[in-house]
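Remarks on the structure that follows.
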Amino acid sequence: AIVDELTDKGCAVQFVSERITVDKSGTSPVDGLMLGILAAFAEFECRRIKERQAEGIALAKARGKYVQAPKLSDTDVEQAKAMVDMGIPKS
């Protein structure tokens, strides 16, 4: 997890509104519990968002309203790479 990576490097991570501080010396049992609960809710919400997005796409496809941009051909990709290599801006 990101918090573990940061604390392993000596950083302290503070969640201001939740009043939780996590550092290399460890967390209090309550802070650890709260961090675990927040992580579980964040993962749950991420999954729900993906589910709702998939449902919306399926409904739009059924109505014929979901149209993706066509994929670039190999030639188009090569040409774009060459333009970038020449220093031509992407926009």
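Every number in this text was worked out from the coordinates using simple rules, so none of it is lab data. Being a predicted model, the structure only gives us computed values, none of them experimental. Using ideal geometry, Cβ is built from the backbone for each residue, glycine included, and neighbour counts are taken over all protein chains shown.
Using alpha carbons only, how many degrees (0 to 90, rounded to 10) separate the axis of helix 74-85 from the longest principal axis of the chain?
With rounding to tens, the tilt is 70 degrees.
Can you work out the Karplus-derived ³J(HN,Hα) for every residue in the range 20-36? Use 6.51 cos²θ - 1.76 cosθ + 1.60 with θ = phi - 60°, whole Hz, and x for glycine or proline.
10, 10, 10, 9, 5, 6, x, 10, 5, x, 5, 4, x, 5, 4, 5, x
Which loop-located trypsin sites (Lys or Arg not before Pro) does the range 55-91 contain, where loop means any DSSP state but H, G, I, E or B and the Cβ has at most 10 other Cβ atoms within 10 Å?
Passing sites in the range 55-91 are ARG63, LYS65, LYS71, LYS90.
Sorted from fewest to most neighbouring beta carbons within 10 Å, what does the list PHE41, PHE15 look like?
Lowest to highest Cβ neighbour count: PHE41, PHE15.
Can you tally the net charge around GLU45? Count Lys and Arg as +1, Asp and Glu as -1, for every other residue whose Cβ sits under 13 Å from the Cβ of GLU45.
Net charge in that neighbourhood comes out at +2.
How big is D, in µm² s⁻¹, for the range 2-68 by Stokes-Einstein at 20 °C and 1.002 mPa s if Rh is the Kirkwood radius over C-alpha pairs?
The calculation lands on 147 µm²/s.
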